[in-house]
Amino acid sequence: MLDYQAIDIPFNYRHQCWFCGEPSHVTVNFPRKASAVFVHPPLQLPTCQECKTIANTCVTDSIWDLRLQVTNALMKRYAKHLGIGVNWTEQELAETQLEGTAFKGFTESAWMMYEIAKGRVEFTGWPLAIHGLPLDIIDDSYGFEFDGARFINFQTAVDFYQKSESLNKYLLDELVALLGQSQLAYALRIARLYPSVSKRKAEQILAEIGQQQSDRERILHDNHQRAPLEGSLQVPTERISKVEINGETAQPEAIAWLMNRNIRTLAQLQQCEDAFFDEHEHLGGVLAFQLYHGVQLYLEARQDVNWCEQDDPNQQLWLGE
Ligand SMILES: [Zn+2]
C-alpha cells in the first residue's frame, strides 16, 4: 500500500469531484502501483462515484492523462445529452414544450441534462498541491484538441460528434478519410448538412468532395513546384551528353534536372534556384554551384536557335525525340 497523500482542496471546491465537479463522496488513489516513473508523491483525489469507477479502469502513468481519459469517458457516455446543446437552443426547446404535450417530459429535463453534462466535461479541477506546496507535474498527456474540447485522439473526436449530433456515420467516416485530421471542421460542416442521407446520395457527395480535394492538391503541388510541369520530358541521364561552353561544363545530371522539370529558360531556372540547391546540397556547396553555373551557361547558349541546331548534342532530346 502506497503512502497516499490527500491533495489540498480549496474552500470553494469543498466536496467536489476533482475530475468533473460533481459532489464528491469517495476518493481515487493515483498511481495504483508503485513505480520509478513517478516524480510526485502518491495522490489521493476526491471524486464522485462515477469518476472513481472510470478512473479505476484506466491504465496510465500520468495524472493528466488519467484526467483526459476520465473526461473522454464521460463525453462518450453523455454524448447524446451534450448533443442537445448543438442541435437545440434553450429557446427552441421551450417552444416545443408550448406546442404540445408529447415532448413535455423530455424537454423539461433535456436542457438540464445538457447543462449538467457540459459542466462536467468542461470542469478542469484545480491546481494540485499538498500541504500548501504546489505540485508542478508536467502535463505530458497527448490529446487531439478541437473546438475547445480535448479528446484522447482524433478518432475519439469523430465518434463523439457522430454520436452526439446523430450524424450519418457512413458519410462522416468517409469524409474524414478523404479530408484528414486537419479538415475535421469542414467534414463536420458537410455531415451536418446531410444528417440523414441515402447511401447513394452520400456517394455523390463524397465524389464531389473527392474531386475538390484532388483539384486542391494539384494546385498546391503546382505552386510548390513553381515551374511549368506540363510537357516535361523525363529523359534518363544516360542519354544526355555533357556540354562544354567557354571552358565550363554543363553536366548530364544537371541537364536532366532541367529537362525533367521542363525548365527551358534562364528565368525559369532562376525561379527554381532554391529547389536546385536543396536537391544538390548533398554534393557540397562548391560542386552544387559548379553544376548550377554549368546549366546557367547552357540555357544562355540555348537562347541562340542556330547554336541549338548546330552545336547542342542534346537538341533532339529537347525536342522530345
Ligand atoms: Zn466526477
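The values are calculated or read from the model by the stated rules, or taken from the named source; none is laboratory data. Because the structure is predicted, anything quoted here is derived from the model rather than measured. Glycine also receives a Cβ, built like all others from the backbone with ideal geometry; neighbour counts cover every protein chain displayed.
Some values worked out for this structure:
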{"item": "Options Thr156, Thr124; residue that is within 16 Å of the ligand (Cβ to nearest atom) and either touching a residue at least 24 places away in the same chain (Cβ under 8 Å) or out of contact with any Cys (no Cβ under 7 Å at 6 or more places or on another chain) (or both)", "result": "Thr124"}
{"item": "All helices (runs of 4 or more DSSP H) inside the range 105-213 with 3 or more residues being of a type in the set (Gly, Ala, Ser)", "result": "184-193"}
{"item": "Flag for Glu279 being within 18 Å of Val243 (Cβ to Cβ) and without any contact (Cβ under 8 Å) to a residue 60 or more places away in the chain", "result": "no"}
{"item": "Odd one out for Trp64, checked against (1) assigned to a loop (DSSP other than H, G, I, E, B); (2) more than 9 Å from the ligand (Cβ to nearest atom); (3) within 28 Å of the chain's Cα centre (by Cα)", "result": "(1)"}
{"item": "Qualifying positions in the range 265-321 - over 40 Å from the mean Cα position of the chain (by Cα), small (Gly, Ala, Ser) and part of a helix (DSSP H, G or I)", "result": "Gly294, Ala301"}
{"item": "Search result, residues across the range 1-38 that are more than 11 Å from the ligand (Cβ to nearest atom) and of a type in the set (Ser, Thr, Tyr)", "result": "Tyr4, Tyr13, Thr27, Ser35"}
{"item": "Lys52, sole failed condition from (1) outside any loop (DSSP other than H, G, I, E, B); (2) modelled with pLDDT under 95; (3) within 16 Å of the ligand (Cβ to nearest atom)", "result": "(2)"}
